[in-house]
Amino acid sequence: DTEVTQTPKHLVMGMTNKKSLKCEQHMGHRAMYWYKQKAKKPPELMFVYSYEKLSINESVPSRFSPECPNSSLLNLHLHALQPEDSALYLCASSPEAEYSMNTEAFFGQGTRLTVV
Amino acid sequence: DAKTTQPNSMESNEEEPVHLPCNHSTISGTDYIHWYRQLPSQGPEYVIHGLTSNVNNRMASLAIAEDRKSSTLILHRATLRDAAVYYCLCNYGQNFVFGPGTRLSVLP
């Protein structure tokens, strides 16, 4: 199984709602990532988890709250978002956190988030 | 300032080779160069990566300049299914940064 599964595929939420995005992998990877991608732009790194601990937070606003309950799961909790947060949110995993090194990363299909 | 540059778009005819360039003049000597592609409505997909020497796999080849300031992704025979945005990725410090991407169109 070389899949990274993200749910839901689409999400519409109001600015006062609380919602969560979920990401799952069963490849035994020890690093997991959240990216944000606006239309016609490259993905931008938000968070990196290494061995279930947050290792990188790219100055993301606190209305985005990541959680890694176990080595296979990654959540992104959303609260009080703004319309400009509407984007494709991508999850990825790799064998180790240093996937910039000699290993590849696997990406999910993403969650298309619309904030109204 | 750390920066990766790629052409916005390129066009190729089907069954012909495609050379996609990337400039990454400020990466360190130990950072790998990665290429991913993204098809419409999908997440990025790994293509190839390398450090110093040229690399080949079933999808593509990667040619890395001797000074490592640039690299070229080579698709040997483009197919319609290769139409995608191709991203060059390099590590700048702790940030693994996607380049701006090149949108490849393949003409039948």
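Pick out the one residue from A:Glu104, A:Glu84, A:Glu96 that is in a loop (DSSP other than H, G, I, E, B), over 11 Å from the mean Cα position of the chain (by Cα) and away from chain B (no Cβ under 11 Å).
Residue meeting the stated conditions: A:Glu96.
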Answer yes if at least one residue in region B:86-97 is within 14 Å of B:Met10 (Cβ to Cβ), open to solvent by 20 Å² or more (accessible area, probe 1.4 Å) and either in a strand (DSSP E or B) or within 10 Å of another protein chain (Cβ to nearest Cβ) (or both), and no otherwise.
-> no
Would region A:42-53 turn up any residue that is at pLDDT 95 or above, of a type outside the set (Val, Ile, Thr) and open to solvent by 60 Å² or more (accessible area, probe 1.4 Å)?
-> no
Just checking, which of B:Ser9, B:Ser61, B:Ser70 is open to solvent by 50 Å² or more (accessible area, probe 1.4 Å) and of a type outside the set (Asp, Glu)?
-> B:Ser9
Could you tell me whether region A:16-38 includes any residue that is part of a strand (DSSP E or B), open to solvent by 30 Å² or more (accessible area, probe 1.4 Å), more than 14 Å from every other protein chain (Cβ to nearest Cβ) and free of Cβ contacts under 8 Å to residues at least 24 places away in the same chain?
-> no
What is the residue count in region A:38-67 for residues that are of a type outside the set (Phe, Trp, Tyr) and closer than 20 Å to A:Gln25 by Cα?
-> 13
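Looking at region B:52-108, which of its residues are among the hydroxyl-bearing types (Ser, Thr, Tyr) and more than 15 Å from B:Ser25 (Cα to Cα)?
B:Ser53, B:Ser61, B:Thr79, B:Tyr86, B:Tyr87, B:Thr102, B:Ser105, listed by residue number.
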Taking into account only those residues within region B:23-39 that are under 17 Å from B:Asn56 (Cβ atoms) and open to solvent by 10 Å² or more (accessible area, probe 1.4 Å), which is modelled with the lowest pLDDT?
-> B:Tyr32
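The values are calculated or read from the model by the stated rules, or taken from the named source; none is laboratory data. This one's a predicted model, so the numbers in the text were calculated from it and none came from an experiment. Cβ atoms come from the backbone with ideal geometry, glycine included; neighbour counts cover every protein chain shown. Note: areas computed on protein heavy atoms with side chains; ligands, DNA, RNA excluded. Shrake-Rupley method; radii C 1.70, N 1.55, O 1.52, S 1.80 Å.
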